[in-house]
Amino acid sequence: MTTTPDTAPARPATPRPATPRTAAIILAGGRASRLGGAAKPLLDIDGRTLLDRAVAAVAGCEPIVVVGPPSPLHVDVVWARETPSFGGPVAGVAAGLALIDSAEVYVLAADLPNAEAAVAVLRQHPPLSPGDDENKNDNDNDENASENENHDGLCLTDAAGRMQWLLGRYRTASLRTAVAALPDSGRGASMRALLADLALTTRAAGDLAMDVDTWDDLERARAMMSTHRRDDAIANTSDEETT
């Protein structure tokens, strides 16, 4: 795997609408063994489930494929299951790929408290696919476009610099080729094994890339959201007092 790091700290950005050329796969079918088998995508943070946050993050993608047990949602998605159930993230990606036909695809786990802000960082990256102008702006040039065409995907890194494979934007064709190269359709394989031969670029996302694997992670995420809500309320009050 070849990676091209971008070490500049990522800042939350305003999401831009995805085009029909961009699909999304949300993996929501894990065992959550460190949470005692709880339905992790349905855990609530600040009045919204983790799955709701993931789906909202990729709003505008077509289709949005959720790989996992069907759950109540207020938007239309396509449901899929990996074969066999609990066959691992690569098996989940393979199940999602079978249902999409797009140049690029967002792949993310359904356990990301900051999914919307994190995916907004991915949306700001210039397009990976020729002719896809989802994020193209007046500052883009032919040189940047050519450089991006040599990449198979973009992956965010967390505060410790670790690659967050399930928080990325990839060329669909590259993922299909990588899945086909693995034995048994990728069942039981890791995302590291899937992406090992792909040319990826990275973007530092810090705490935006945090996930929820344990009850402590959940409490930390809830505390963080509560702090953000309080800070926003204080800022709004200050704005009202100065107007």
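The values are calculated or read from the model by the stated rules, or taken from the named source; none is laboratory data. Quantities reported herein were computed from a predicted structural model and do not represent experimental measurements. Using ideal geometry, Cβ is built from the backbone for each residue, glycine included, and neighbour counts are taken over all protein chains shown. These accessible areas exclude ligands, DNA and RNA; they are computed on the full protein's heavy atoms, side chains included. Shrake-Rupley method; radii C 1.70, N 1.55, O 1.52, S 1.80 Å.
In what sequence, highest mean first, do 155-161, 62-68, 99-105 appear when ranked by Cβ atoms within 10 angstrom? If you can, show how the numbers build up before the last one.
On the way: 155-161: 17.4, 62-68: 22.1, 99-105: 19.7.
Going by the mean number of other Cβ atoms within 10 Å, highest first, we get 62-68, 99-105, 155-161.
Report the accessible area of Asp46, computed with a 1.4 Å probe over the heavy atoms of all protein chains in place, in Å² rounded to the nearest 10.
70 Å²
In a shell of Cβ-Cβ distance under 15 Å around Ala189, excluding Ala189 itself, what net charge do Lys and Arg (+1) and Asp and Glu (-1) give? Before the final figure, lay out each step's value.
Numbers: positive: Arg176, Arg187, Arg192; negative: Glu82, Asp184, Asp197.
Once positives and negatives cancel, what remains is 0.
Diagonalise the Cα gyration tensor of region 164-210 and give the resulting equivalent ellipsoid semi-axes, square root of 5 times each eigenvalue, largest first, whole Å.
Working: eigenvalues 98, 31, 13 Å².
Each semi-axis is √(5λ); the values are 22, 12, 8 Å.
Which residues' amide hydrogens lie under 5 Å from the amide hydrogen of Ile45, considering only partners 5 or more residues apart or on another chain, with H built in the peptide plane?
The list, which skips near neighbours in sequence, is Leu50.
Over the alpha-carbon set of region 74-134, work out the extent along each principal axis and list the three values in angstrom, largest first.
Principal axes ranked by extent give 36, 28, 24 Å for the Cα atoms.
Can you tell me the length gained on complete extension of the stretch Arg220 to Ala38, counting 0.36 nm per residue apart and subtracting the Cα distance?
63.8 nm
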